[in-house]
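Quick one: structure below, then a few questions.
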Amino acid sequence: MKPYISVVIPVKNGEKTIKKCLDGLLKQTLFDKLEIIIVDSGSNDSTLEILSIYPIRLIQIDPGSFNHGGTRNLGVKEAKGDLVFMTVQDAWTEDVRLLEKMAVHFLDSEVVGVCGQQVVPHLAPFNPHEWFRPVSSPEIRVFQFENTKEFEKITPEKKRWICGWDDVVAMYRRSTIKNELPFSQIEFGEDLDWAQRALRASRKIVYDTHAQVNHYHHLSGQQVYDRIKKELRLEYESFRKIPDESFPYSKFLKIVYYNFKYKSSLRWIWYNWSLVFYTWKAKRDFIRSLK
C-alpha cells in the first residue's frame with residue numbers, strides 16, 4: 001500500500017538518540033500510513049545496528065556529499081508519500097497524534113508546508129533556563145502573500161519572524177518540494193530559506209504549535225558564537241536584517257533572577273552568562289564585518 005506520509009531523517013552517529021526518535025514515530029496514530037527513510041552519511045558507531053531492527057528504508061551517502069538542503073532533497077526524491085515529514089535524529093515526540101495534527105492542514109489544497117514547535121523538556125541534563133514553560137495557549141498561524149511586493153513591504157524583523165521555519169518538526173507537500181520549491185543546497189538554514197522563498201512565491205504556510213517535539217543541544221559558548229554568526233549572515237542575505245549590537249546588561253541580571261526562581265544549580269548562571277556573551281560577541285563581530 002502506498003504510504004500517505006514519508007518521514008525523512010538525516011542521520012550520522014546517532015546511537016544515543018535515534019532509538020527514542022524512532023520509537024515516537026512507531027507509536028503514531030498514522031503509523032500504518034507511514035514510511036520512514038533514513039539518510040545516513042557515514043555513521044561509524046552502532047547507529048546502523050540499531051536501525052536494522054526498525055522498519056525503515058536506509059539510504060547511505062558519502063559523508064562528503066552531505067548538505068542540509070541537498071540531502072533532504074534526496075530524501076524527498078526517494079519518498080513515496082503525498083506528504084513528507086522532516087525531523088532530526090535527536091528529536092523525539094511523546095504525542096501519538098503529532099503527524100495527524102500536522103497532516104490535517106493539508107486538506108486545504110493551497111497549503112504547501114506546516115511547521116510545529118520544538119520544546120526543551122524538564123530533564124536534569126538540560127539547561128533549566130530553556131525548559132518549556134508556556135505563557136500562552138498553542139495557536140495556529142497562517143501566512144500567505146499575494147505577491148513578492150507585498151512580502152517586501154513588511155519590516156526585516158517581521159520577515160524573520162514569519163520565516164522562523166524549522167526542519168526539526170516540519171511537514172511538506174511532496175510535489176511542492178520535488179517539482180517547484182526544492183531546498184536550496186546551502187550549508188545552514190535551508191528551512192528558513194525555504195519559507196521565505198515559499199512566501200515570496202505566494203504559497204500558503206502554516207505554523208501549528210499544538211505539534212511539538214522534544215529537542216535540545218547543549219552548546220558551548222564558541223558553538224553558540226559560530227551558530228549565531230551563520231544565522232545573522234543568512235538573515236542579512238535574506239531580509240537585510242541587521243542585529244542590535246548593544247551590550248545586553250539586563251540579560252545578565254535576569255539570568256541570576258530566574259536561576260533563583262527556578263531553584264537551579266549555580267553552575268547554570270555561569271553557563272547562561274556565557275551564552276549571552278557569545279551571542280552578543282557574534283552580533284558585534286558580524287556588524288563589524290558588514291562595515
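The values are calculated or read from the model by the stated rules, or taken from the named source; none is laboratory data. The shown structure was predicted, so the numbers you read here are calculated from the model rather than taken from an experiment. Glycine gets a Cβ as well: all are built from the backbone with ideal geometry, and neighbour counts include every protein chain shown. Note: areas computed on protein heavy atoms with side chains; ligands, DNA, RNA excluded. Shrake-Rupley method; radii C 1.70, N 1.55, O 1.52, S 1.80 Å.
Could you please find all residues in the stretch 180-208 being at pLDDT below 95 and more than 12 Å from the chain's Cα centre (by Cα)?
Of everything in the stretch 180-208, those that are at pLDDT below 95 and more than 12 Å from the chain's Cα centre (by Cα) turn out to be Gln185, Ile186, Glu187.
On to the next question. Enumerate the pairs (first residue in the stretch 139-159 and within 21 Å of Asp244 (Cα to Cα); second residue anywhere and among the small types (Gly, Ala, Ser)) with beta-carbon separation below 8 Å, excluding pairs fewer than 6 apart on the same chain, so at least 6 apart or on different chains.
Every condition considered, the pairs that remain are Lys159/Ser238.
In addition: Is at least one residue of the stretch 267-282 touching a residue at least 40 places away in the same chain (Cβ under 8 Å), at negative phi, surrounded by 15 or more Cβ atoms within 10 Å (Cβ to Cβ) and of a type in the set (D, E, K, R)?
Let us first name the residues in the stretch 267-282 that are touching a residue at least 40 places away in the same chain (Cβ under 8 Å), namely 268, 271-272, 274-275, 277-279, 281-282.
The next check asks that each one be at negative phi; those that pass are 268, 271-272, 274-275, 277-279, 281-282.
Remaining after also requiring surrounded by 15 or more Cβ atoms within 10 Å (Cβ to Cβ): 268, 271-272, 274-275, 277-279, 281-282.
Right, trim to of a type in the set (D, E, K, R) and you get 281.
Yes, the stretch 267-282 contains at least one residue that is touching a residue at least 40 places away in the same chain (Cβ under 8 Å), at negative phi, surrounded by 15 or more Cβ atoms within 10 Å (Cβ to Cβ) and of a type in the set (D, E, K, R).
Can I ask one more? With the stretch 1-101 as the region, which strands (runs of 3 or more DSSP E) entirely inside it contain at least 1 residues that are of a type in the set (Val, Ile, Thr) and closer than 27 Å to Phe126 by Cβ?
5-11, 34-40
Moving on to the next point. I need the full set of residues from the stretch 29-40 which are surrounded by 13 or more Cβ atoms within 10 Å (Cβ to Cβ) and out of contact with any strand residue (DSSP E or B) (no Cβ under 7 Å at 6 or more places or on another chain), in order please.
So the first thing to find is which residues in the stretch 29-40 are surrounded by 13 or more Cβ atoms within 10 Å (Cβ to Cβ), and the list is 29-31, 33-40.
Within the stretch 29-40, Thr29, Phe31 meet the criteria.
Taking the stretch 26-37 as the region of interest, how many residues are closer than 14 Å to Lys80 by Cα and touching a Ser or Thr at 6+ places or on another chain (Cβ under 9 Å)?
4
Taking into account only those residues within the stretch 98-127 that are open to solvent by 20 Å² or more (accessible area, probe 1.4 Å) and among the polar types (S, T, N, Q), which is farthest from the chain's Cα centre (by Cα)?
Ser109
Give the stretch 1-25 a look and list any residue that's among the aliphatic types (A, V, I, L, M), open to solvent by 10 Å² or more (accessible area, probe 1.4 Å) and under 22 Å from Tyr216 (Cβ atoms), or say none.
none
Turning to a different aspect of this structure: Tell me the helices (runs of 4 or more DSSP H) entirely within the stretch 137-224 that contain at least 1 residues that are open to solvent by 20 Å² or more (accessible area, probe 1.4 Å) and not charged (D, E, K, R).
148-152, 156-162
Filter the stretch 231-251 for residues that are basic (Lys, Arg) and open to solvent by 50 Å² or more (accessible area, probe 1.4 Å); which is nearest to Ala282 (Cα to Cα)?
Taking the candidates together, the pick is Arg233.
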